[in-house]
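Down below is the structure, laid out as structure tokens.
The values are calculated or read from the model by the stated rules, or taken from the named source; none is laboratory data. Just so it is clear, the structure is predicted and the values come from calculations on it, not from any experiment. Reconstructed Cβ throughout: ideal geometry from the backbone, glycine too, with neighbour counts over all protein chains shown. Please note that ligands, DNA and RNA were not included when accessible areas were found on the heavy atoms of the full protein model with its side chains. Shrake-Rupley method; radii C 1.70, N 1.55, O 1.52, S 1.80 Å.
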2 protein chains.
Amino acid sequence: MSDEQSEAVRLLWGPHPKPKRGPKPALSLNRIAQAGIEIADAEGLAAVSMQRVAGLLGVTKMALYRYVPGKAELVAVMVDTAIGGAPPPNEPRRDWREQLGGWARHLSTVFHRHPWLLDATVGPRVIGPKELAWMEQALAALDNTGLTGAERMDAVVLLTGHVRGIALQARAAGPEGSPEAQLAATLGELMRAHGERYPALTAALASAAESGGQDEALEFGLHRILDGLGLLITQRTN
Amino acid sequence: MSDEQSEAVRLLWGPHPKPKRGPKPALSLNRIAQAGIEIADAEGLAAVSMQRVAGLLGVTKMALYRYVPGKAELVAVMVDTAIGGAPPPNEPRRDWREQLGGWARHLSTVFHRHPWLLDATVGPRVIGPKELAWMEQALAALDNTGLTGAERMDAVVLLTGHVRGIALQARAAGPEGSPEAQLAATLGELMRAHGERYPALTAALASAAESGGQDEALEFGLHRILDGLGLLITQRTN
DNA sequence: AATAATCAGTGTCTGGCGGACACAGTTTTT
DNA sequence: AAAAACTGTGTCCGCCAGACACTGATTATT
């Protein structure tokens with residue numbers, strides 16, 4: 001049971017036994033994670049290499065391996081650091097709907113601030129304490145709603161999936177610069193060339209264009225999900 | 001406008017002008033994509049390298065660059081190939097709800113069959129014709145529902161986000177082998193050690209465990225989403 | 001105070017990756 | 001027959017993650 005996974009667990013969940021002898025460390029896990037986050041925020045997760053991170057810290061790349069067993073674990077720490085503390089605690093006076101809505105919007109801003117979280121959170125991995133705190137928060141909002149444990153879990157998965165999906169398409173559309181224009185133009189060309197094969201898509205795009213797109217995708221899905229949950233909850237509590 | 005993006009567009013959308021002189025190609029775009037898919041299905045997207053693909057085809061890696069400008073484009077072709085043809089056309093006798101439900105379940109099986117699609121479809125990229133056909137199909141199901149074009153698009157994004165989210169957690173839980181057991185055991189250990197910090201999570205897990213988890217997450221979210229959409233649609237059509 | 005143990009950071013090396021480029025061999029056009 | 005066009009190969013580069021042996025700094029033990 002002392003495999004590489006438990007290394008990641010110890011790194012994320014502690015304890016961090018500090019050495020008694022030898023020179024004092026010039027770095028810290030937190031500083032390393034911050035450096036990685038800085039690079040990932042600016043240039044994406046692919047730009048995060050041991051060399052880059054080490055260079056940013058004025059150190060050789062091999063020095064990082066004194067703090068982190070490998071790149072995967074570094075990314076894991078980056079994720080849990082970037083996710084940050086959970087949102088302010090649920091106020092009991094608000095109902096589950098307001099709480100979950102606020103939670104999802106808050107999570108959405110996190111994904112917007114650190115788009116590389118999308119890349120870093122695909123695939124099996126060890127979850128960190130702050131990430132788990134997010135899930136705890138959402139689950140707590142669903143207390144006393146009559147939902148079973150499995151249903152509460154499924155509801156949270158549903159919400160996070162939506163937030164992720166929105167972040168995904170937000171990145172595909174591009175923030176503002178050239179990639180957006182190019183990709184959008186490319187799609188426009190495609191539709192002009194092959195539009196007859198996709199009539200419903202053509203119609204939807206035209207309709208969306210004339211009504212002035214204002215990116216309500218997050219709110220739209222959120223309202224649908226919360227409405228659907230509401231139906232189930234009233235059905236359970238009556 | 002003859003950048004590298006248009007290369008990918010030409011590759012995915014044609015036309016494919018075939019040369020008149022020179023030796024006949026030993027490979028084809030399709031065979032290369034199939035080889036890549038085979039590797040990705042078996043060992044994940046990370047195992048797909050030019051060398052591996054070329055080796056599987058009995059060829060040097062540089063030969064692949066005669067068919068594909070780079071690895072990103074190869075992955076794009078793999079994606080559009082693996083997604084496969086759209087599901088059988090919508091039967092007009094079924095209502096939007098049945099159509100969208102079937103569509104989402106069908107899409108879910110695709111993600112289950114090719115888990116690496118999750119990795120391959122993060123980040124800005126050129127969309128392929130088959131992928132667009134999937135979107136077309138879902139949009140067509142929402143014709144005559146009173147929803148605006150933007151709303152129809154948002155609804156499809158919501159559905160795909162959910163299917164992706166389910167595929168994501170399905171992979172995190174592991175198919176059957178050791179990673180599942182290890183990760184689940186790890187989570188169990190964490191909960192045992194830090195459970196008091198996550199009371200709602202502890203309660204939900206306990207409740208889910210005793211009711212016998214049977215992985216209804218896909219259906220749960222699907223029903224909530226369709227219920228929520230149903231509310232909006234009846235509101236619009238009345 | 002001297003020695004031994006421990007630990008931080010470095011330098012060097014390996015194998016694998018994507019990809020640029022020049023080249024040889026094959027096929028078709030002129 | 002010659003030239004043009006095209007396919008697949010061999011070689012090279014820079015970057016990557018990581019293994020390993022090492023130097024030098026710091027502290028506990030004697």
Can you list the residues of the stretch B:149-174 whose accessible area drops by at least 40 Å² going from the chain on its own to the full set of protein chains, with a 1.4 Å probe? B:Met153, B:Asp154, B:Val157, B:Leu158, B:Leu168, B:Arg171
Could you state the number of Å between the C-alpha centres of the stretch A:190-230 and the stretch A:28-76? 39
Å² per residue, accessible surface of chain A at 1.4 Å: 51
Once you have the alpha carbon radius of gyration of the stretch A:4-83, what is it after dividing by 2.2 N^0.38 Å, with N set to its residue count? 1.06
Out of B:Arg93, B:Arg171, B:Arg125, a Gaussian network model of chain B with alpha-carbon springs under 10 Å gives the largest mean-square fluctuation to B:Arg93
Report the per residue volume, in Å³, of the convex hull enclosing the C-alpha atoms of chain B. 188
Quick one: compute the contact order of chain A, relative version, from alpha carbon pairs under 8 angstrom and 6+ residues apart, as a percent. 20
The stretch B:84-155 - convex hull of the alpha-carbon atoms, volume per residue in Å³: 97
Solvent-accessible area of A:Tyr65 with every protein chain in place, 1.4 Å probe, in Å² to the nearest 10: 100
How large is the convex hull of the Cα atoms of the stretch A:3-47 per residue, expressed in Å³ as a whole number? 112
The stretch A:96-237, accessible surface, carbon-and-sulfur percent (1.4 angstrom probe): 55
With contacts defined as alpha carbon pairs under 8 Å and 6 or more residues apart, what's the relative contact order of the stretch B:4-83 in percent? 37
P(r) histogram, all alpha-carbon pairs of the stretch A:96-237 included - 10 Å bins from 0, percent: 10, 33, 29, 20, 8, 0
Percent RCO, i.e. relative contact order, over the stretch B:96-237, from Cα pairs under 8 Å lying at least 6 residues apart: 37
How many square angstrom of accessible surface are buried between A and B, both sides summed, with a 1.4 Å probe and rounding to 100? 5500
To the nearest 20 Debye, how big is the dipole of the protein assembly as shown about its Cα centre, given +1 on the beta carbon of each Lys and Arg and -1 on that of each Asp and Glu? 1500
Just checking the output field for B:123-134: average partner chain Cβ neighbours within 10 Å of each residue's Cβ? 4
So how strong a dipole does chain A carry about its Cα centre when Lys and Arg Cβ are +1 and Asp and Glu Cβ are -1, to the nearest 20 debye? 1160
Shielding of A:9-20 by partner chains, average beta-carbon count, 10 Å: 1
Which residue of chain A is nearest the rotation axis onto chain B, counting by its Cβ, and what is the distance in whole Å? A:Gly228, 2
Using only atoms on other chains, find how many Cβ atoms lie within 10 Å of each Cβ of peptide B:202-209 and report the average. 6
Starting from 0 in steps of 10 Å, tell me what percent of the Cα-Cα pairs of the protein assembly as shown lands in each bin. 4, 18, 28, 27, 17, 6, 1, 0
